[in-house]
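Have a look at the structure below before the remarks.
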């Protein structure tokens, strides 16, 4: 499932943010039980004549396949939950939430991931 949505600035107390983070995994599981990763990608859209930053929400299962057939508005609800739990994240950069870790990290494509130096490689013993 991929949905393009708008983000709005959100403010909350530290207590409310902690509650959002604590309940995030449960709430996302209620919306999309098979979700393994959620990728939120910023997209520049000019459908209304003026460029505007919108976000594409993609939900994938544990096999890495995009989930399809979710109810309308699910992407917007997922984005709102993520933004409520992580309001300080840089939403102008792609962000990934993983169910197994339960945390939000900046998405780095394979081409941009740091490559270990030759001396840093240690074979398994």
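A few points about this structure:
- All of 67, 30, 104, 39 fail the test of being more than 14 Å from the chain's Cα centre (by Cα), surrounded by 12 or more Cβ atoms within 10 Å (Cβ to Cβ) and at pLDDT 85 or above, apart from 67.
- Whichever residue in region 77-89 is more than 14 Å from residue 27 (Cβ to Cβ) and either over 11 Å from the mean Cα position of the chain (by Cα) or touching a residue at least 40 places away in the same chain (Cβ under 8 Å) (or both) and, among such residues, is surrounded by the fewest Cβ atoms within 10 Å (Cβ to Cβ): 88
- In region 16-26, the residues that are at pLDDT 80 or above and exposed (fewer than 15 other Cβ atoms within 10 Å of the Cβ): 26
- Residue list for region 51-64, restricted to those being farther than 10 Å from residue 36 by Cα and loosely packed, with under 11 Cβ neighbours inside 10 Å: 51
The values are calculated or read from the model by the stated rules, or taken from the named source; none is laboratory data. Predicted model, so just to flag it, every value in this text is computed and none were measured. Every residue, glycine among them, receives a Cβ derived from its backbone with ideal geometry; neighbour counts consider all protein chains shown.
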